[in-house]
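Worksheet: one structure, shown below.
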Amino acid sequence: MNIFVFGSNLQGRHGKGAALYAKKYKGAVYGQAYGLQGNSFAIPTKKTPYIYMTLDEVSYWVNKFLEFAKDNPELKFDLTPIGCNLAGFSKDQIKPLFDNKSDNIYFTKEWFN
C-alpha cells in the first residue's frame, strides 16, 4: 500500500486540493497538520489556509518527512507536488528539496506535466 503525500497547513484544515482529497479518500485527519494519517502523510506548506510559508519553512517540514521516510523503508510514499498549487510555489522551487530523498519516495505523474 502506498502513502499519499500532500501539502497541508499548520491548522490541519485539509479543505482544498490534494489535502481535501486526502481527507475524503486517504484517511487524513482534520486538525493534524503533519505526519502519517491513514494512507496519507501531511507536509505543511502554509501557515493557515490564507497565510503562506517561506521556502525555508517548507524545507524544515520536508526534511522531517525525509527523515521519517528513511526511518520507515517498508512504506512507499507517492509524493504529490506539495506547495505547487494553493501555497504558490513552483515545481522548480519545491522539487530540489527532495534531491536527497530515499528510494521509497516516488514522484507522482503530476510532477512531470
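Some values worked out for this structure:
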{"item": "Hey, Pro44 open to solvent by less than 50 Å² (accessible area, probe 1.4 Å), in contact with a Phe, Trp or Tyr (Cβ under 6 Å, 6 or more places away or on another chain) and over 13 Å from Phe4 (Cβ atoms) or not", "result": "yes"}
{"item": "Considering residues of segment 63-113 that are small (Gly, Ala, Ser) and out of contact with any helix residue (DSSP H, G or I) (no Cβ under 6 Å at 6 or more places or on another chain) only, the residue surrounded by the most Cβ atoms within 10 Å (Cβ to Cβ)", "result": "Ala69"}
{"item": "Any pair with Cβ under 7 angstrom, 6 or more apart, that starts in segment 52-72 at a residue that is at negative phi and ends at one that is of a type in the set (S, T, N, Q) and part of a helix (DSSP H, G or I)", "result": "Leu55/Gln93"}
{"item": "Some residue of segment 14-35 being open to solvent by 80 Å² or more (accessible area, probe 1.4 Å) and touching a residue at least 24 places away in the same chain (Cβ under 8 Å)", "result": "yes"}
{"item": "Where Pro96 falls short, out of the listed (1) closer than 19 Å to Ile3 by Cβ; (2) not in a loop (DSSP other than H, G, I, E, B)", "result": "(1)"}
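The values are calculated or read from the model by the stated rules, or taken from the named source; none is laboratory data. Here the structure is a predicted model, which means the values were calculated and not measured. Ideal geometry is used to build each Cβ from the backbone, glycine not excepted, and the neighbour counts take in all protein chains shown. Surface accessibility is based on the protein's heavy atoms, side chains included, excluding ligands, DNA and RNA. Shrake-Rupley method; radii C 1.70, N 1.55, O 1.52, S 1.80 Å.
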